[in-house]
Amino acid sequence: MSREELLGLAREAALRAHCPYSHFRVGAALIAGGKLYRGVNIEISSYGLTLCAERSALAAAISASAGPITQVAVACIDTPTEAPLAARTPCGACRQWLADLAPNATIYIDGAAQNFTIADLLPYAFGL
Ligand code: THU
């Protein structure tokens, strides 16, 4: 699937984010074994237990015994266009999940011109 198509699906997923506290909607779309999986950020009343969109999508793929994850797209649809890259890239926890579960994926960030690998986002990642 093309970068723009997958980013479009991530933006569409973000419309279903459950974020009553931050109102910051994030969607993730990934391709694993040729199939599409999506996730959104899910906030609950105990804020620290929030699940990010990236981990939500990765959990969906792993739960379905999906094949290798080849592409991951992330869209923070409430980030203003002029905001810096940091306002649209995955958080540290999601980077570790990506390093473990999608080590060979190409990562697309909505609003960033370049594509990323997990090594770009998390150099010297922990691993067992
Ligand atoms: N969020 C994500 O879904 N992914 C990230 O990588 C960064 C942050 C969510 C968590 C929370 O619901 C909201 O964005 C604000 O931090």
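The values are calculated or read from the model by the stated rules, or taken from the named source; none is laboratory data. Remember, it's a predicted structure, so these values are computed and weren't measured experimentally. Don't worry about glycine lacking a Cβ; one is built from the backbone with ideal geometry, like all the others, and counts go over all protein chains shown.
Numbers below:
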quantity: Subset of segment 54-71 [within 11 Å of the ligand (Cβ to nearest atom) and either of a type in the set (A, V, I, L, M, F, W, C) or in a loop (DSSP other than H, G, I, E, B) (or both)]; calculated: A57
quantity: Check on R11, within 13 Å of the chain's Cα centre (by Cα) and either without any contact (Cβ under 8 Å) to a residue 24 or more places away in the chain or outside any helix (DSSP H, G or I) (or both); calculated: no
quantity: Test result for I44, more than 26 Å from Y124 (Cβ to Cβ), within 12 Å of the ligand (Cβ to nearest atom) and touching a residue at least 40 places away in the same chain (Cβ under 8 Å); calculated: no
quantity: Output for segment 16-53, where each listed residue is assigned to a helix (DSSP H, G or I), surrounded by fewer than 13 Cβ atoms within 10 Å (Cβ to Cβ) and among the small types (G, A, S); calculated: G48
quantity: Filter result for the condition that a residue is closer than 23 Å to A99 by Cα, at pLDDT 95 or above and more than 9 Å from the ligand (Cβ to nearest atom), over L51, L15, L30; calculated: L30
quantity: Looking only at segment 72-119, and only at residues there that are among the small types (G, A, S) and within 12 Å of the ligand (Cβ to nearest atom), the one that is nearest to R16 (Cα to Cα); calculated: A75
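Residues are listed down the side, and each one gets a yes or a no for (1) in contact with an Asp or Glu (Cβ under 8 Å, 6 or more places away or on another chain); (2) not in a helix (DSSP H, G or I):
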| residue | (1), (2) |
| --- | --- |
| V74 | yes, yes |
| T81 | no, yes |
| A86 | no, no |
| C94 | yes, no |
| P103 | no, yes |
| A113 | no, yes |
| A119 | no, no |
| Y124 | no, yes |
| L128 | no, yes |
